[in-house]
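Contents: one structure, followed by commentary.
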Amino acid sequence: MTETNAVRKYSTKKEFFKEYKKKSRLQEIWRMFLKNKLAVIGLVIFVIIVLTAIMAPLISDYENDAIKMNVSERLTPPNSQHIFGTDEIGRDIFARIVHGARISLLVGLSSVIIALFIGGIFGAVAGFFGGKVDGIIMRSMDVFLCLPDVLLALAIVAAFGTSLVNMTIAIGLSFTPKFSRVVRSAVMTVRDIEYVEAARAIGATNSRIILQHVLINCIGPIIVQVTLYVANAILTISALSFIGLGIKAPTPEWGNMLASGRAFMRDNAYIVMAPGFAIFITILSLNLLGDGLRDALDPRLKQ
Amino acid sequence: MIKYVVKRLLEMIPIIFALTFVVFTIMYFTPGDPTAVILGNEYTEEASMRIKQELGLDKPFFVQFVRYVGNLIRGDFGMSYITRAPVSEQLIGRFPNTFKVVAGAMLFCVALGVPIGVFSGTKPYSLLSNITMVIGLLGVSLPIFWLGLLLILLFSVKLGWLPSSGIEGFSSLILPSIALGANYMANIMRTTRSSMLEVIRQDYIRTAKAKGVSQRNIVRKHALRNAMMPTITVIGMNIGALLGGVVLTETVFSIPGTGRLLVESINNRDTPSVLGCLVIMAVCVAVSNLIVDLIYAYIDPQIKSQYSGGRG
């Protein structure tokens, strides 16, 4: 529907091409993306969060502000010195949130990379070869899809313990089936296009075709999913930490800050406000970014 | 139609079997000695050997797995390492609470999400429509556990209207259902809205309008049925997520359900209980996926006719 409207805007074909020919595909996507105000807001917020995480040691001192207890200042409501207040043992909540961003982003990004790598291999192979290979791989992935990914991550954490590395692996593995599906369907859309046939005709090997011709051309939908799943991974980390099976205190992590603040929130509501808001705004920014990218990459989907 | 139901039921068996295998394998390779958990302070080499023999823990992996599945079919989930009571008893005691919360959340999502979605889809530029879009956008990003805490702060601590924990009576179900369902409500609302927008532009709607069908009937009879497909898909996909989220909801509201049992069992390294919880939740997801597929088949004439020789 939108497609016809887009064409209708230009009276002749010539006019239509004049506007679009000059720009490369990337520029065009970027232009589309910038048009979407919400997506730009999402990008800006996310960049700020990433910068905060990178510069955390410059913003506040990890040992003194985020870890060391300071009983004389416990449960101080927000004031000029502690803008988000202090927690039950007197640590500055702002400092803990700033340092917590590092863990969330680190685990979020690396677990999605794991999922993308393993799921990508399975999905690309399944989608490219089709037939029996596809059947076997996808049926086994379907089995995992039956278990909500939080539960799958929980099971893995339960078995191997709750270290930072284990959690990253657990979340990564629990997202793997979803990524195999995404990559598979993306691969299937480009598998039969002429340039793949051409590559095969000049004798390229299967692995070369998949890596150099197929995957490159389905990077769009994959990037969108990566964005949305980083949000999901960050949510899962804080969820696991919240129920006590993730990052443990005293390491600052948004989920465990909520869990420990919970007991004191009746009289000190502010204690659960900032950490929860940090999770919320991070996920919101990634969701906006992902939606915006999806619309920019595939304008047909836009409502 | 019956043929379809039977086919789908049969397809479920290998999936549940395979899932049990996966979960069993993960749990089997858990480092540490389970007899140390069972015996606690009474741990001796001898007692450990004796218990291993009793529970068949000294047997090879596959023998243990076959035995577990054999017992499972008879409804025996094994014995808890900690309470030494049958896991099935714990599950029967806990599961109804989980079911109540999930059903409540489901009801909340559908009863609120669908009508609001439909309304804002038919009147896309109205104020209400814009408000729901914003709520929908924010709602999908709200973490269940934070929303739960905020709801407790507002409705239990500040206003004192609703209980903040437990599972006694209807009023204690309201907050957990909202906390668990809000995310999916937003999702359902957005999906319904956009598919309604899509459908309302179709030719057959214009035809109906031209025929003089009232707006009310256009929405109810012509648009809604066609717009429902994506919504049902989203509802179906979210049931799994709801069951995952129930672990968090039960933690926030201290509800003694399956999710809580799972977390407690993981903390106590009580492997049979962990396995039992995971298996029961996986079965729930499989069953609800089946139900969604059946509703799908009922609504979508294409699937229906495939299985009823074109008469459906």
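Read the figures in this text as sums done on the coordinates, not as results from a lab. Worth saying up front: this structure is predicted, and the values here are computed from it rather than measured. Here the Cβ is made from the backbone with ideal geometry for all residues, glycine too, and neighbour counts use every protein chain on show.
Could you put A:H99, B:H222 in order, starting from the residue whose Cβ has the fewest other Cβ atoms within 10 Å? Present the calculation step by step, with values, prior to reporting the outcome.
Details: A:H99 23, B:H222 19.
Final ranking by Cβ density, sparse to dense: B:H222, A:H99.
Of B:Q202, A:L228, B:G139, which is farthest along the charge dipole of the protein assembly as shown in the positive direction, counting Lys and Arg as +1 and Asp and Glu as -1 at C-beta?
Towards the positive end, the residue furthest out is B:Q202.
How far is it, in nm, from the label point at B:E89 to the one at B:R225 when both lie 7 Å from their Cα along the line to the Cβ?
Inter-label distance under the simple model: 5.3 nm.
In nm², what is the average projected area of the convex hull enclosing the Cα atoms of the protein assembly as shown? Show your work: numbers first, answer last.
Values: hull surface 140.9 nm².
Mean orientational projected area (the protein assembly as shown, Cα hull): 35.2 nm².
Kindly state, to the nearest 0.05, the FRET efficiency for A:M55 paired with A:F277, given R0 = 30 Å and r defined as their beta-carbon distance.
0.90
Tell me, what are the semi-axes, in whole angstrom and largest first, of the equivalent ellipsoid of the range A:235-276 as set by the roots of 5 times the Cα gyration tensor eigenvalues?
Numbers: eigenvalues 61, 18, 13 Å².
For the range A:235-276, the semi-axes come out at 17, 9, 8 Å.
Sort all Cα-Cα distances of the range B:132-225 into consecutive 10 angstrom bins from zero, then give the percent of pairs in each bin up to the one containing the longest distance.
Reading the bins upward from 0: 15, 30, 22, 18, 12, 2.
What does the charge count around A:I67 come to, taking other residues whose C-beta lies under 11 Å from its C-beta (Lys +1, Arg +1, Asp -1, Glu -1)?
Taking every Cβ under 11 Å from that of A:I67, the sum is -1.
Taking θ as phi - 60°, what are the ³J(HN,Hα) couplings along the range B:88-104 by the Karplus curve (6.51, -1.76, 1.60), each to the nearest whole Hz, with x for Gly and Pro?
4, 4, 4, 5, 4, x, 8, 4, x, 5, 4, 4, 4, 5, 5, 5, x
What is the magnitude of the charge dipole of the range B:91-310 about its Cα centre, with +1 placed on the Cβ of each Lys and Arg, -1 on the Cβ of each Asp and Glu, and no other charges, expressed in debye to the nearest 20? Don't jump to the answer; show the numbers that get you there.
Numbers: 17 positive and 8 negative charges, 197 e Å.
Value, rounded to 20: 940 debye.
With runs of 4+ DSSP H residues as the only contributors, calculate the mean residue ellipticity of chain B at 222 nm using -39,500 (n - 2.57) per run, divided by the residue total and rounded to the nearest 500. Could you put the intermediate results ahead of the total?
Values: 13 runs with 229 residues, N = 312.
Taking each H run of at least 4 residues, the total per residue is -25000 deg cm²/dmol.
Would you order B:T20, A:T205 from fewest to most other beta-carbon atoms within 10 Å of each residue's own beta-carbon?
Neighbour counts put them in this order, fewest first: A:T205, B:T20.
How many lysine pairs are close in the range A:21-301, with Cα atoms under 24 Å apart and the two 8 or more places apart or on different chains? All intermediate terms of the calculation are to be shown ahead of the outcome.
Working: A:K21/A:K35; A:K22/A:K35; A:K23/A:K35; A:K23/A:K37; A:K68/A:K248; A:K132/A:K178.
Eligible lysine pairs with Cα atoms under 24 Å apart amount to 6.
Once each part is reduced to its C-alpha centroid, what is the distance from the range A:77-152 to the range A:242-303 in angstrom?
Rounded to whole Å, the Cα centres lie 12 Å apart.
Report ³J(HN,Hα) in whole Hz for each residue of the range B:29-45, in order, from the Karplus equation J = 6.51 cos²θ - 1.76 cosθ + 1.60 where θ = phi - 60°; Gly and Pro get x.
8, 4, x, x, 9, x, 5, 5, 5, 5, 7, x, 6, 7, 5, 9, 3
For chain A, what is the calculated [θ] at 222 nm in deg cm²/dmol (nearest 500), taking -39500 (n - 2.57) for each run of four or more DSSP H residues and dividing by its residue count? Before the final figure, lay out each step's value.
On the way: 13 runs with 208 residues, N = 303.
Result for chain A, helices only: -23000 deg cm²/dmol.
Note down the net charge around B:T83, summing +1 for each Lys or Arg and -1 for each Asp or Glu among other residues with Cβ under 10 Å from its Cβ.
On the way: positive: B:R84; negative: B:E89, B:D270.
Once positives and negatives cancel, what remains is -1.
In the protein assembly as shown, if the dipole is taken from +1 on Lys/Arg beta carbons and -1 on Asp/Glu beta carbons about the Cα centre, which of A:I169, A:I193, B:S172 is farthest to the positive end?
A:I193
Modelled label-to-label distance, B:I73 and B:T30, 7 Å Cα→beta-carbon offset: nm?
Label at B:I73, label at B:T30, 2.6 nm between them.
Is the shape of the range A:70-191 best called rounded, prolate or oblate, per the rule: a/c under 1.5 gives rounded, else a/b larger than b/c gives prolate, else oblate, with a ≥ b ≥ c the square roots of the Cα gyration tensor eigenvalues? Write down the numbers at each step before the final one.
Numbers: a/c = 4.36, a/b = 2.82, b/c = 1.55.
Cα axes put the range A:70-191 in the prolate bin.
Rounded to a whole number, what is D in µm²/s for the range B:10-75 from Stokes-Einstein with the Kirkwood radius over alpha-carbon pairs (4 °C, 1.567 mPa s)? Could you put the intermediate results ahead of the total?
Working: Rh = 13.4 Å.
The estimated diffusion coefficient comes to 97 µm²/s.
Sort A:152-159, A:51-58 by the packing proxy (mean of other Cβ within 10 Å over each peptide's residues), most packed first.
A:152-159, A:51-58
Which of rounded, prolate, oblate describes chain A, given a ≥ b ≥ c as roots of the alpha-carbon gyration tensor eigenvalues and a/c under 1.5 marking rounded, otherwise prolate only if a/b is larger than b/c? Kindly include the intermediate steps, with their values, before the conclusion.
Working: a/c = 2.89, a/b = 1.63, b/c = 1.77.
Here chain A falls in the oblate category.
Can you give the Rg/Rh ratio of chain B, where Rg is from the C-alpha atoms and Rh is the Kirkwood radius?
1.07
Need one value for B:133-146: mean number of C-beta atoms belonging to other chains within 10 Å of its residues' C-beta atoms. Intermediate values should be presented prior to the final figure.
Numbers: counts 0, 0, 0, 0, 5, 3, 0, 5, 12, 6, 14, 4, 12, 13.
Per residue, the average neighbour count from other chains is 5.
Starting from the Cα gyration tensor of the range A:160-283, take the square roots of the eigenvalues, sort them a ≥ b ≥ c, and report rounded, prolate or oblate (rounded when a/c is under 1.5, otherwise prolate if a/b is larger than b/c, else oblate). It would help to have the intermediate numbers written out before the result.
On the way: a/c = 5.08, a/b = 2.97, b/c = 1.71.
Judged from the Cα gyration tensor, the range A:160-283 comes out prolate (a/c at least 1.5, a/b above b/c).
What are the aspartates and glutamates whose alpha-carbon lies under 14 Å from the alpha-carbon of B:K158, with same-chain residues fewer than 8 places away excluded?
Cα-Cα hits under 14 Å: A:D267.
So if the hydrodynamic radius of the range B:1-40 is defined as the Kirkwood radius over C-alpha pairs, what does Stokes-Einstein give as its diffusion coefficient at 10 °C and 1.306 mPa s, in µm² per second? Walk me through the intermediate numbers first.
Numbers: Rh = 12.7 Å.
This corresponds to a translational diffusion coefficient of 125 µm²/s.
With the dipole of chain B worked out from charges on the C-beta (+1 for Lys and Arg, -1 for Asp and Glu) around the Cα centre, which of B:F253, B:M228, B:I51 lies farthest toward the positive end?
The Cα lying farthest towards the positive end belongs to B:M228.
For the range A:197-268, state which trypsin sites (Lys or Arg not before Pro) are in a DSSP loop and have at most 15 other beta carbons lying within 10 Å of their beta carbon.
A:K248, A:R266
For a protection proxy built on the mean count of beta-carbon atoms within 10 angstrom, sort B:106-112, B:139-145 highest first, please.
Working: B:106-112: 18.1, B:139-145: 23.3.
Ranked from most to least packed, the peptides come out as B:139-145, B:106-112.
Which of A:D267, A:D87, B:D33, A:D65 has the fewest other C-beta atoms within 10 Å, and how do the rest follow up to the most? Intermediate values should be presented prior to the final figure.
Working: A:D267 8, A:D87 27, B:D33 14, A:D65 21.
Exposure proxy ranking, most exposed first: A:D267, B:D33, A:D65, A:D87.
Quick one: putting +1 on the C-beta of Lys and Arg, -1 on the C-beta of Asp and Glu, what dipole do you get for the protein assembly as shown around its Cα centre, in Debye to the nearest 20? Walk me through the intermediate numbers first.
Values: 58 positive and 39 negative charges, 649 e Å.
Charge dipole of the protein assembly as shown: 3120 debye, to the nearest 20.
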